[in-house]
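> The structure that follows is given in the form of structure tokens.
The values are calculated or read from the model by the stated rules, or taken from the named source; none is laboratory data. Computed from a prediction, not measured in an experiment: that's the story for all the values here. Glycine gets a Cβ as well: all are built from the backbone with ideal geometry, and neighbour counts include every protein chain shown. Please note that ligands, DNA and RNA were not included when accessible areas were found on the heavy atoms of the full protein model with its side chains. Shrake-Rupley method; radii C 1.70, N 1.55, O 1.52, S 1.80 Å.
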Amino acid sequence: MSPRLASLTCSNTDILHALGATDLLVAVDSHSDAPGLDHAARLGPDLNIDVAALVAARPDLVLASLSVPGMERVVEAVQAAGLETVILDPTSVPQTVASIRQVGALLGLPGRGEEVAQTLEAELAALYRPAPRAPRVLVEWWPRPIIAATRESWVTDLLAGLGAVNALADLEGRSRPLTLDQVREAQPDLIVCSWCGVKKLRPEVIEARGLGVPVVAVPESGLGRPGPRLIEGARQIRAAIDSRVVRCGL
């Protein structure tokens, strides 16, 4: 008998979709937007999961996450409810790829998991370009206060794989609030607007700060989720960097 699954965050749901397993979902967070979820109960946002509704859906396995601060409270509540839980918490590209293989193995789909993982690795590797000076890229998750990806984010690996560097790699943690002066001191060559949980990105808000740094908008779905859709964000950043190289001779 196929397991009844629940996913509490978009990145996990994206992995299930890539594996062809969304039909196994009986419950999912309200932000997941992969195709084929109409049959699944919606549980609310990933930081405020309706645990009673989750229990009512009777999942055999819950795929949880700790990728966003505050998710630990959700995980504790789910485990306290006695539900079987697997926590995916990748902080790097290799760990993200390993998560895909892990879910494939859990579902009895190791071959498909390996295929999806290898495809992601190969497609990311194909985007690498050496440069005389690696462009410094700052990925902004939120505008007020400014919150951006720091050293322990998968963004650091993703950028390195493109031949770039995370402009905030000297700061600990996955993300951090910043002052405008700190952004300036990071000396980014490119700022990526990838705000979480918004319907419309507004790179003009970043441009209006007067830093004189090019800004590109990359949806959170392609950059803020440690899963197979990271290739989408990587391609957009690659294109933006290539444009920057043409203009500035980096």
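> Of the residues THR119, THR179, which is of a type in the set (Val, Ile, Thr) and exposed (fewer than 14 other Cβ atoms within 10 Å of the Cβ)? Walk me through it before giving the result.
Details: THR119 fails: exposed (fewer than 14 other Cβ atoms within 10 Å of the Cβ).
After ruling out the rest, the residue left standing is THR179.
> Working only within the range 71-101, note down all residues that are of a type in the set (Gly, Ala, Ser) and in contact with an Asp or Glu (Cβ under 9 Å, 6 or more places away or on another chain). Outline the logic, then answer.
From the range 71-101, those of a type in the set (Gly, Ala, Ser) are 77, 80-82, 92, 98-99; that's our starting set.
Within the range 71-101, SER92, SER99 qualify.
> Can you report the number of residues in the range 8-52 which are open to solvent by 20 Å² or more (accessible area, probe 1.4 Å), under 18 Å from LEU83 (Cβ atoms) and not in a loop (DSSP other than H, G, I, E, B)?
6
> Determine whether SER67 is open to solvent by 30 Å² or more (accessible area, probe 1.4 Å), touching a Pro at 6+ places or on another chain (Cβ under 9 Å) and not basic (Lys, Arg). Break it down stepwise before answering.
Values: open to solvent by 30 Å² or more (accessible area, probe 1.4 Å): no; touching a Pro at 6+ places or on another chain (Cβ under 9 Å): yes; not basic (Lys, Arg): yes.
Criteria not met by SER67.
> Which condition does ALA56 not pass, out of (1) more than 26 Å from TRP142 (Cα to Cα); (2) open to solvent by 10 Å² or more (accessible area, probe 1.4 Å); (3) among the aliphatic types (A, V, I, L, M); (4) touching a helix residue (DSSP H, G or I) at 6+ places or on another chain (Cβ under 8 Å), if it passes all the others?
(4)
> From TRP154, TRP142, which residue is at pLDDT 95 or above, in contact with a Ser or Thr (Cβ under 7 Å, 6 or more places away or on another chain), open to solvent by 10 Å² or more (accessible area, probe 1.4 Å) and closer than 19 Å to VAL216 by Cα?
Details: TRP142 fails: in contact with a Ser or Thr (Cβ under 7 Å, 6 or more places away or on another chain).
TRP154 is the lone residue from the list that is at pLDDT 95 or above, in contact with a Ser or Thr (Cβ under 7 Å, 6 or more places away or on another chain), open to solvent by 10 Å² or more (accessible area, probe 1.4 Å) and closer than 19 Å to VAL216 by Cα.
> Can you tell me which of ALA134, ALA125, ALA81 is in contact (Cβ under 8 Å) with a residue 12 or more places away in the chain and either surrounded by 15 or more Cβ atoms within 10 Å (Cβ to Cβ) or within 30 Å of LEU178 (Cβ to Cβ) (or both)? Give the derivation first.
Working: ALA125 fails: either surrounded by 15 or more Cβ atoms within 10 Å (Cβ to Cβ) or within 30 Å of LEU178 (Cβ to Cβ) (or both); ALA81 fails: either surrounded by 15 or more Cβ atoms within 10 Å (Cβ to Cβ) or within 30 Å of LEU178 (Cβ to Cβ) (or both).
On inspection, the qualifying residue turns out to be ALA134.
> Would you mind listing the helices (runs of 4 or more DSSP H) fully within the range 53-156 where at least 3 residues are within 22 Å of LEU19 (Cβ to Cβ) and over 17 Å from the mean Cα position of the chain (by Cα)? Explain how you work it out, then say what you get.
Values: elements: 71-80, 93-106, 110-125.
Here the list reads 93-106, 110-125.
> Any residue at all in the range 198-218 that's surrounded by 19 or more Cβ atoms within 10 Å (Cβ to Cβ) and either closer than 22 Å to VAL97 by Cβ or small (Gly, Ala, Ser) (or both)?
yes
> Here's a follow-up. Just checking, which of LEU5, LEU47 is at pLDDT 95 or above, among the hydrophobic types (A, V, I, L, M, F, W, C) and under 22 Å from the mean Cα position of the chain (by Cα)?
Values: LEU47 fails: at pLDDT 95 or above.
Criteria check complete, one pass: LEU5.
> Would you point out the residue of the range 162-176, among those that are in a loop (DSSP other than H, G, I, E, B) and within 15 Å of SER67 (Cβ to Cβ), that is nearest to the chain's Cα centre (by Cα)?
From the range 162-176, those in a loop (DSSP other than H, G, I, E, B) are 163-164, 167-174; that's our starting set.
Next cut, within 15 Å of SER67 (Cβ to Cβ) only: 173-174.
Numbers: GLY173: 15, ARG174: 12 Å.
Result: ARG174.
> Can you name the number of the only condition in (1) closer than 30 Å to ALA56 by Cα; (2) of a type in the set (A, V, I, L, M, F, W, C); (3) touching a residue at least 24 places away in the same chain (Cβ under 8 Å) that LEU120 fails?
Of (1) closer than 30 Å to ALA56 by Cα; (2) of a type in the set (A, V, I, L, M, F, W, C); (3) touching a residue at least 24 places away in the same chain (Cβ under 8 Å), only one is false for LEU120: (1).
> Continuing with the same structure: Out of LEU159, LEU201, report the one residue that is in a helix (DSSP H, G or I) and among the hydrophobic types (A, V, I, L, M, F, W, C).
Working: LEU201 fails: in a helix (DSSP H, G or I).
Of LEU159, LEU201, the one residue that is in a helix (DSSP H, G or I) and among the hydrophobic types (A, V, I, L, M, F, W, C) is LEU159.
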